[in-house]
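Participant: Have a look at the structure that comes next, please.
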There are 2 protein chains.
Amino acid sequence: MAKELKELTPRAENYSQWYNDLVIKADLAENSAVRGCMVIKPYGYSIWEKMHDELDRMFKETGHSNAYFPLFIPKSFLSREAEHVEGFAKECAVVTHYRLKADHATGGVVVDPAAKLEEELIVRPTSETIIWNTYKNWIQSYRDLPILCNQWANVVRWEMRTRLFLRTAEFLWQEGHTAHATREEAVAETERMLNVYADFVENFMAIPVIKGIKSPNERFAGAVETYCIEAMMQDGKALQAGTSHFLGQNFAKAFDVTFINRENKPEYVWATSWGVSTRLIGALIMTHSDDNGLVLPPKLAPFQVVIVPIYKNAEQLAQVSEKADAIMAALRARGISVKYDDNDTKKPGWKFAEYELKGVPVRLAMGARDLEQGTVEVFRRDTLEKETLPLDGIDAHVATLLDDIQKNIFKKAADYRAANTRPVDSYEEFKVEIEKGGFLLAHWDGTPETEERIKAETKATIRCIPLEGDKTPGTCMVTGRPSKQRVIFARSY
Amino acid sequence: MAKELKELTPRAENYSQWYNDLVIKADLAENSAVRGCMVIKPYGYSIWEKMHDELDRMFKETGHSNAYFPLFIPKSFLSREAEHVEGFAKECAVVTHYRLKADHATGGVVVDPAAKLEEELIVRPTSETIIWNTYKNWIQSYRDLPILCNQWANVVRWEMRTRLFLRTAEFLWQEGHTAHATREEAVAETERMLNVYADFVENFMAIPVIKGIKSPNERFAGAVETYCIEAMMQDGKALQAGTSHFLGQNFAKAFDVTFINRENKPEYVWATSWGVSTRLIGALIMTHSDDNGLVLPPKLAPFQVVIVPIYKNAEQLAQVSEKADAIMAALRARGISVKYDDNDTKKPGWKFAEYELKGVPVRLAMGARDLEQGTVEVFRRDTLEKETLPLDGIDAHVATLLDDIQKNIFKKAADYRAANTRPVDSYEEFKVEIEKGGFLLAHWDGTPETEERIKAETKATIRCIPLEGDKTPGTCMVTGRPSKQRVIFARSY
């Protein structure tokens, strides 16, 4: 593909523009001809594949199976659960017809008015309704429980303001939907999956997260309790990285799903649902990347190492290639993915900039002098440091370096978050501090009214009521009423 | 899940009902609340996952990358390629609105007439148009070519008569879309992917296929040439198992996608597309299964071996379980997947029937007497044969047995096809023979008119013009006009 100038808008100049530039210039995604829908390009998609594979493994290790449910939901299903319809029946894609016909006037096609559906179909914004309508036929007795299903799918929410990965009309995600015989088991499942998400986001994406519970205002429409993990981006804004919902018996009641329990009595089934989406790619970009481009955690990089040969003629290239082959074999034997770029139409400097932009964790460069001296130049993307090292044992060095990069970018993000998280005790102080960004730990009286007032006046919302950390009670910074613990306020994506 | 009676309608009694019974009773899929859309249940989906993983590996080994394009296609895009619109703009799901609103009269929701889209969106029936509209921006020069993308996605075609897996309104598939600088390269790609499909279907699904070219009547709408692989089901009907299309410059012209070639001149880009879908699961079922249930090829079975303990008390179970653990470890070390079913609420006989129904290739049963004698009962699903063998070396025996089952079911299908494929030389003979099912090799004059007449009179179509085998010219059985070679006629799914 033809390359435009690689320069990104610096973060300090315009963070939002930096993000948009980076997504486009690193070949991750682009806007499509359809409003709000993105094209995920091969490089961006390969990051999603890595994420998919790890999450899928974790879901299976915790006993879940994949299944697939319909893209379409009958309109009436959305109305069955009173809160769910409020949250999801608004901005969605509605299928009203099932046929087009030739338009002889224009030579194009028009909707065939004769092919109107009796009941409109909604393109799924989330699948609780169609899945619980299905589970009704799968569940008779406690012996049929639990059901532990996950689905990898596309969903559509007709967002008015969209941004690549962060908020798109169509996005890819996974949605787990489980059915249980007891409240306790469903709550335990909700918490288990929150922990799976936190494990994945921290240990693979290298993004530190805070585990917590959403306030009623931010709860999933139809949930009894929404658990979440919240991350801090480099501009100090929060990004919700995953949610796990305890749905109680709400959907079982809406779709009349009962089972005969161990006491031989009918009872409504208990439910959970949980999901993460391609939005996580936005989080990944915004947490680690810099003004030179992407910084990828080695565990999710499409390739972890790139080798660039430096040569003046075919003979030199042949010599370098021979050494490179040996290095690649040694790296691959260690399970490290590596690309050799001997493309003759690009200069090494161009390649260096390209792989920096694309966030390849480690770059090795080798030329004639390196061959003579038995050395190789090693560049690490996270710190932009370069050193010349002996070729001998380079595979072991790279393995250690990749581990180190994975840890270092996590630590950098954790340090940034720590430096931008602080308690505030008065609403006056809050209004000043929120302008600086970051997470504010403040006391809140637990009411939706107070949260709404704070949001209206400061654009900050409660990101979560943290599950861990200080639980000292206090008094609400706004109303002075009692507060059980400090909660996290921030502006968010 | 509660189990109904496991008996299937025998194939000889009603082949179509046998298929429907089997899909439901083996927990592969079921109909959903949305007309024509299926729910793929965990066991069925796990077969699709195995298929996905092998195909995805094969695509990547042949240089392809995955990407993701929008679910929706602007209506006007479908009209750009004249033949494409004929084929795909008819029965499709049309999104006309993007919002619902509360209906105070009923307490439900209704489509908000104010939220009408300026241009309707079509839920993709296939993605050539949206992808070529995207490629326009990716391609300037021959240096940007080839583009070798694949997409795993759901698609929707509003079929009037649907059957689980075989023909559903929504189905899952992969669609490859490649762009090339020369006709020769695009034709080579089309053929390469046909060979990948044939390799996969024969060596993983154990289904023999005939590679061929479609007659103009059966060609993909917008293709210059459609290559296909055709399989024969147990009722003698044909099933198209995969297609690979050489699209020429048709879509490049429709979306104005040109590149500067090596001679520095603008030229339209050459294209291919190729796909297989969840329909293949229908082919898998119909090729190998019997009146006892599914027969799965070991290479695609969700688990290849099941071990069922036979015991009278907890002590016996503990003893059998200890041996079973050792067998499982030895099997897993050989890369064989195995399930141990010590569920106490089901009797061994029930389990035997269940795993037969679900097509698990090998079943091992072990009881107290086996422990005493150092033996294990080995059952192979394909031939229903049972033998008692020494426990010692059982892992090596099972590995060989799995290979043998994979080969045996392929051979059985190939023998069946050979027995039901024959040449016919007159149209009178053809009309008699077609009633018996199978593939008829007959001479045809190459005209759509003759093919249409044969179809109208016999319900048989040309499945393909075979690429391999006898190429002797002759005269058309209907018109007596010259024929280049015999082609394959059959009734088909």
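The values are calculated or read from the model by the stated rules, or taken from the named source; none is laboratory data. Predicted model only: the values in this text are computed from it and were never measured. Every residue, glycine as well, gets a Cβ built from its backbone with ideal geometry; the counts of neighbours run over all protein chains shown.
Listed here are the residues, each with its yes/no results for (1) touching a helix residue (DSSP H, G or I) at 6+ places or on another chain (Cβ under 8 Å); (2) assigned by TED's automatic domain parsing to the domain that holds B:Cys476; (3) loosely packed, with under 13 Cβ neighbours inside 10 Å; (4) in a strand (DSSP E or B).
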| site | (1), (2), (3), (4) |
| --- | --- |
| B:Glu356 | no, no, no, no |
| B:Lys386 | no, no, yes, yes |
| B:Leu389 | yes, no, no, yes |
| B:Asn408 | no, no, no, no |
| B:Ala442 | yes, yes, no, yes |
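Participant: Looking at the range B:115-131, which of the residues that are within 10 Å of chain A (Cβ to nearest Cβ) and in contact (Cβ under 8 Å) with a residue 60 or more places away in the chain is farthest from A:His97 (Cα to Cα)?
Facilitator: Applying the filter and picking the extreme gives B:Ile131.
Participant: Can you confirm whether B:Thr421 is over 19 Å from B:Ile229 (Cβ atoms) and surrounded by 14 or more Cβ atoms within 10 Å (Cβ to Cβ)?
Facilitator: No: the conditions fail for B:Thr421.
Participant: On the basis of being crowded, with 22+ Cβ neighbours inside 10 Å, under 23 Å from A:Asp199 (Cβ atoms), in the same structural domain as A:Trp274 (by TED's automatic domain parsing) and not aromatic (Phe, Trp, Tyr), does A:Ile40 make the cut?
Facilitator: It is false that A:Ile40 is crowded, with 22+ Cβ neighbours inside 10 Å, under 23 Å from A:Asp199 (Cβ atoms), in the same structural domain as A:Trp274 (by TED's automatic domain parsing) and not aromatic (Phe, Trp, Tyr).
Participant: Take B:Leu164 and decide whether it is under 30 Å from B:Ser32 (Cβ atoms) and buried (at least 23 other Cβ atoms within 10 Å of the Cβ). Spell out how you get there, then give the answer.
Facilitator: Details: under 30 Å from B:Ser32 (Cβ atoms): yes; buried (at least 23 other Cβ atoms within 10 Å of the Cβ): yes.
When the stated conditions are applied, B:Leu164 passes them.
Participant: What about A:Phe59, is it more than 7 Å from every other protein chain (Cβ to nearest Cβ) and either surrounded by 16 or more Cβ atoms within 10 Å (Cβ to Cβ) or at pLDDT 95 or above (or both)?
Facilitator: yes
Participant: Related question: I'd like the full set of residues that are touching a residue at least 24 places away in the same chain (Cβ under 8 Å) and under 22 Å from A:Leu401 (Cα atoms), limited to the range A:310-338.
Facilitator: Result: A:Lys323, A:Ala324, A:Ile327, A:Ala330, A:Leu331, A:Ala333, A:Arg334, A:Ile336, A:Ser337, A:Val338.
Participant: Then there is this: Assuming A:Lys299 fulfils every condition listed in (1) surrounded by fewer than 24 Cβ atoms within 10 Å (Cβ to Cβ); (2) of a type outside the set (Phe, Trp, Tyr); (3) part of a loop (DSSP other than H, G, I, E, B) apart from one, which condition is it?
Facilitator: Every condition holds for A:Lys299 apart from (3).
Participant: Given the conditions (1) over 24 Å from B:Thr168 (Cα atoms); (2) free of Cβ contacts under 8 Å to residues at least 24 places away in the same chain; (3) in the same structural domain as B:Glu185 (by TED's automatic domain parsing), and given that B:Gly107 satisfies all but one, which numbered condition is not satisfied?
Facilitator: With respect to (1) over 24 Å from B:Thr168 (Cα atoms); (2) free of Cβ contacts under 8 Å to residues at least 24 places away in the same chain; (3) in the same structural domain as B:Glu185 (by TED's automatic domain parsing), B:Gly107 is out only on (3).
Participant: Go through the range A:65-100 and report how many residues are closer than 19 Å to B:Ala153 by Cβ and more than 7 Å from chain B (Cβ to nearest Cβ). Give the steps one after another, and end with the answer.
Facilitator: Filtering the range A:65-100 down to residues closer than 19 Å to B:Ala153 by Cβ leaves A:66-73, A:93, A:95.
Subset that is more than 7 Å from chain B (Cβ to nearest Cβ): A:73.
Counting residues in the range A:65-100 that are closer than 19 Å to B:Ala153 by Cβ and more than 7 Å from chain B (Cβ to nearest Cβ) gives 1.
Participant: So which residues in the range A:205-214 are part of a loop (DSSP other than H, G, I, E, B), within 23 Å of A:Lys411 (Cβ to Cβ) and of a type outside the set (Val, Ile, Thr)? Spell out the reasoning first.
Facilitator: Start the filter on the range A:205-214 by keeping residues that are part of a loop (DSSP other than H, G, I, E, B), which leaves A:205-209, A:214.
Narrowing the set further to residues that are within 23 Å of A:Lys411 (Cβ to Cβ) leaves A:205-209.
Passing the criteria: A:Met205, A:Ala206, A:Pro208.
Participant: To continue, here is another question. Scan the range B:143-167 residue by residue and report those that are of a type in the set (S, T, N, Q) and either touching a helix residue (DSSP H, G or I) at 6+ places or on another chain (Cβ under 6 Å) or farther than 25 Å from B:Gln17 by Cβ (or both). Break it down stepwise before answering.
Facilitator: Residues of the range B:143-167 that are of a type in the set (S, T, N, Q), as a first pass: B:150-151, B:154, B:162.
Those that are of a type in the set (S, T, N, Q) and either touching a helix residue (DSSP H, G or I) at 6+ places or on another chain (Cβ under 6 Å) or farther than 25 Å from B:Gln17 by Cβ (or both): B:Asn150, B:Gln151, B:Asn154.
Participant: Looking only at the range A:94-116, which residues are touching a Phe, Trp or Tyr at 6+ places or on another chain (Cβ under 6 Å) and not aromatic (Phe, Trp, Tyr)?
Facilitator: A:Ala115, the sole residue that qualifies.
Participant: Within the range B:318-354, work out how many residues are at pLDDT 95 or above, outside any strand (DSSP E or B) and of a type in the set (Ser, Thr, Tyr).
Facilitator: Summing the residues that are at pLDDT 95 or above, outside any strand (DSSP E or B) and of a type in the set (Ser, Thr, Tyr) in the range B:318-354 gives 2.
Participant: Is it the case that B:Asp470 is over 30 Å from B:Arg332 (Cβ atoms), over 23 Å from the mean Cα position of the chain (by Cα) and modelled with pLDDT under 95?
Facilitator: yes
Participant: Please tell me if B:Asp27 is more than 20 Å from B:Asp291 (Cα to Cα), acidic (Asp, Glu) and either facing chain A (nearest Cβ under 10 Å) or in contact with a Cys (Cβ under 7 Å, 6 or more places away or on another chain) (or both).
Facilitator: Values: more than 20 Å from B:Asp291 (Cα to Cα): no; acidic (Asp, Glu): yes; either facing chain A (nearest Cβ under 10 Å) or in contact with a Cys (Cβ under 7 Å, 6 or more places away or on another chain) (or both): yes.
So B:Asp27 fails the test.
Participant: What single numbered condition from (1) under 24 Å from A:Ile122 (Cα atoms); (2) surrounded by fewer than 19 Cβ atoms within 10 Å (Cβ to Cβ); (3) away from chain A (no Cβ under 14 Å) fails to hold for B:Glu184?
Facilitator: Evaluating B:Glu184 over (1) under 24 Å from A:Ile122 (Cα atoms); (2) surrounded by fewer than 19 Cβ atoms within 10 Å (Cβ to Cβ); (3) away from chain A (no Cβ under 14 Å) leaves (1) as the failure.
Participant: Out of the strands (runs of 3 or more DSSP E) lying entirely within the range B:65-157, which hold 2 or more residues that are surrounded by 20 or more Cβ atoms within 10 Å (Cβ to Cβ)?
Facilitator: B:72-74, B:91-103, B:116-123, B:147-156
Participant: Looking only at residues in the range B:454-492 that are surrounded by fewer than 18 Cβ atoms within 10 Å (Cβ to Cβ), out of contact with any strand residue (DSSP E or B) (no Cβ under 6 Å at 6 or more places or on another chain) and of a type in the set (D, E, K, R), which one is nearest to B:Asn217 (Cα to Cα)?
Facilitator: Checking each candidate, the answer is B:Lys459.
Participant: Scan the range B:234-258 and report the pairs whose first residue is closer than 15 Å to B:Glu189 by Cβ and whose second residue is among the acidic types (Asp, Glu) and outside any helix (DSSP H, G or I), with Cβ atoms within less than 7 Å and a gap of 6+ or a chain change.
Facilitator: Listed by first residue and then by second, the contacts come to B:Phe246/B:Glu225; B:Phe251/B:Glu81.
Participant: Quick check on the range A:44-56. Is at least one of its residues within 10 Å of chain B (Cβ to nearest Cβ) and assigned to a strand (DSSP E or B)?
Facilitator: The answer is no; no qualifying residue exists.
Participant: Of B:Ala221, B:Ala241, which residue is within 14 Å of chain A (Cβ to nearest Cβ) and either more than 22 Å from the chain's Cα centre (by Cα) or within 29 Å of B:Val269 (Cα to Cα) (or both)?
Facilitator: Exactly one residue qualifies, and that residue is B:Ala221.
One line per residue, one yes/no per condition, for (1) of a type in the set (D, E, K, R); (2) closer than 21 Å to B:Leu55 by Cβ; (3) more than 31 Å from the chain's Cα centre (by Cα):
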| site | (1), (2), (3) |
| --- | --- |
| B:Pro298 | no, yes, no |
| B:Pro309 | no, no, yes |
| B:Lys312 | yes, no, yes |
| B:Gln319 | no, no, yes |
| B:Ala324 | no, no, yes |
| B:Ala329 | no, no, yes |
| B:Arg334 | yes, no, no |
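Participant: Being surrounded by fewer than 23 Cβ atoms within 10 Å (Cβ to Cβ) and over 30 Å from B:Trp270 (Cα atoms) is the filter here, so list the residues in the range B:167-181 that pass it.
Facilitator: Hit for the range B:167-181 is B:Arg167, nothing else.
Participant: Which one of B:Tyr427, B:Tyr416 is in contact with a helix residue (DSSP H, G or I) (Cβ under 9 Å, 6 or more places away or on another chain), modelled with pLDDT of 95 or more, within 22 Å of B:Ala12 (Cβ to Cβ) and not aliphatic (A, V, I, L, M)?
Facilitator: Only one candidate qualifies: B:Tyr416.
Participant: Given the condition in contact (Cβ under 8 Å) with a residue 24 or more places away in the chain, facing chain A (nearest Cβ under 7 Å), surrounded by fewer than 16 Cβ atoms within 10 Å (Cβ to Cβ) and farther than 22 Å from A:Phe171 by Cα, answer yes or no: does some residue in the range B:1-14 qualify?
Facilitator: yes
Participant: What pairs come out if I take residues in the range B:186-204 that are in a loop (DSSP other than H, G, I, E, B) and pair them with residues that are basic (Lys, Arg) whose C-beta lies under 7 Å away, six or more apart or interchain?
Facilitator: B:Phe204/B:Lys299
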